[in-house]
Amino acid sequence: MMRRNRLLVITVLYCSLSAAEAGTVCPPVTRVGLSDLGYTSYRDQGRIAGISVDIANEMARRTGCKFEFHWYPRQRLFIELAAGNIDMTMGSLRLPERDAYARYLPYAYLQYDLVLSVPPGRNYTSLADFVEHGNGRLNVTRGLAYDPAIETQLAKLTAAGRLELVNDFETVFAKLDMGRADGTIATPPIYSKYLKGSRVQASAVVITLPEANPRFTGLYLSKKTISTAVRDRYAATLKAMLTDQTIRTIYTPYFDDATLKRMIRQGQGPLLTALSAPEN
C-alpha cells in the first residue's frame, strides 16, 4: 500500500511538473490564421480542415499548447499577422517582407504547376510557351507569391489582357468549370482538391513548370506575440514530427503515391537544418 501511494505521489508530481513546464512555454492561446489553399486548408460546412489543421492539431497535442483557428482571405492573412491580430500562419512561403515581422519554421515543400483546360492537340511545355504561343486566359488568386520567372510571365499576360486576379481558388476553379477561364497556377494540394469531381477534371492538363522551383512551405510566428521560447518549442516539435514521419503520414491521405513522392523528393535534411537554425 505504501509503495502504491509513493507511486501515486510521483505520478501526480510528474504531471504537475509537465503542466507547469507547458505553461511556461505556451501562450494562453496561439491564434492560427488560415486561408483557401485546397487540401492545405479549406472550409467544410463551417469547419476549418486540411493538412495545416492536422499539423497544428498535432503540434498542440505534443506541446500541450492551445491552438485556435481563424479564417481570412489570403491577401488579408499576413496583414493580420503583421498587426499582431493572429500569432501564426500555416502553408506559407518564406519572403523577406514577412521576415520583418515574423519568424519562419518550414515543415514541407511545395512547387507551382500550370493547370490548363485546353483543346486536344494543344501541348505546352512551360508557362513561357503558353504565354508566347497560346491565347487563353489565366486566373490566379490575390495574395500569393510566385517564383521570379513566373512573375515575369504573369506580367506579360497582364500586358496582353490575359490575366485576371480573383479572391480565392474556389472562384478560380468554378470559372474553369464554366469555361470562363482557361487555366491557373497552383500547387498539388490546391488543384488536387478542386479538380476532384469537377467538369474539367477529365480534360485538365497539369504541366510541371520549369519556371518553378521546389520551395519550403511552413508556418510564420508573429514577432510581436510569440516569444523565442515558444518559437523554439514549436521548432523542436516540428523536427520531431519530421523525424518520426508524422508530417508524411499527415500528407499521405490527401494524395496519390506519385504526387506524394514528388512533393517530398528533396528529403528531410534541408527542413531539419532550417528548423535547427537560431531565431531569425
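Just a few scattered comments:
- Test result for residue 222, in contact with a strand residue (DSSP E or B) (Cβ under 7 Å, 6 or more places away or on another chain) and within 15 Å of residue 106 (Cα to Cα): yes
Conditions tested, residue by residue: (1) buried (at least 17 other Cβ atoms within 10 Å of the Cβ); (2) assigned by the TED database to the domain that holds residue 260; (3) not hydrophobic (A, V, I, L, M, F, W, C).
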| position | (1), (2), (3) |
| --- | --- |
| 128 | yes, no, no |
| 144 | yes, no, no |
| 151 | no, no, yes |
| 154 | yes, no, no |
| 166 | no, no, no |
| 178 | no, no, no |
| 181 | yes, no, no |
| 189 | yes, no, yes |
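- Some residue of the range 68-79 being β-branched (Val, Ile, Thr) and buried (at least 18 other Cβ atoms within 10 Å of the Cβ): no
- Residue 57 meets the stated requirement of being part of a helix (DSSP H, G or I), open to solvent by 10 Å² or more (accessible area, probe 1.4 Å) and among the polar types (S, T, N, Q).
- The lone criterion from (1) over 17 Å from residue 41 (Cβ atoms); (2) open to solvent by less than 50 Å² (accessible area, probe 1.4 Å); (3) among the charged types (D, E, K, R) left unmet by residue 94 is number (2).
- Just so you know, in the range 3-47 the residues that are acidic (Asp, Glu) and at pLDDT 50 or above include one that is farthest from residue 228 (Cα to Cα), and it is 44.
Per-residue answers, yes or no, for (1) closer than 25 Å to residue 33 by Cβ; (2) in contact with a helix residue (DSSP H, G or I) (Cβ under 6 Å, 6 or more places away or on another chain):
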{"position": "191", "(1), (2)": "yes, no"}
{"position": "196", "(1), (2)": "no, no"}
{"position": "211", "(1), (2)": "no, yes"}
{"position": "215", "(1), (2)": "yes, no"}
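- Every residue from the range 236-275 that is open to solvent by less than 70 Å² (accessible area, probe 1.4 Å) and of a type in the set (S, T, N, Q): 237, 246, 252, 259, 266, 268
- Restricted to helices (runs of 4 or more DSSP H) entirely inside the range 145-250, those with at least 1 residues that are over 23 Å from the mean Cα position of the chain (by Cα) and without any contact (Cβ under 8 Å) to a residue 40 or more places away in the chain are 148-159, 169-177.
- Selection within the range 95-143 - more than 30 Å from residue 233 (Cα to Cα) and of a type in the set (A, V, I, L, M, F, W, C): 114, 115, 116, 118, 127, 128, 130, 131, 138, 140
- Filtering 96, 106 for residues that are on the phi < 0 side of the Ramachandran plot and in contact (Cβ under 8 Å) with a residue 60 or more places away in the chain leaves a single hit, 106.
- Cβ-Cβ contacts under 8 Å between residues 6 or more apart (or on different chains), taken from a first residue in the range 43-71 that is within 17 Å of residue 189 (Cβ to Cβ) and small (Gly, Ala, Ser) to a second residue that is outside any strand (DSSP E or B) and open to solvent by 80 Å² or more (accessible area, probe 1.4 Å), are absent.
The values are calculated or read from the model by the stated rules, or taken from the named source; none is laboratory data. Values in this document were obtained by computation on a predicted structure and should not be read as measured data. Counting neighbours? That spans all protein chains shown, and the Cβs are built from the backbone with ideal geometry, glycine included. Surface accessibility is based on the protein's heavy atoms, side chains included, excluding ligands, DNA and RNA. Shrake-Rupley method; radii C 1.70, N 1.55, O 1.52, S 1.80 Å.
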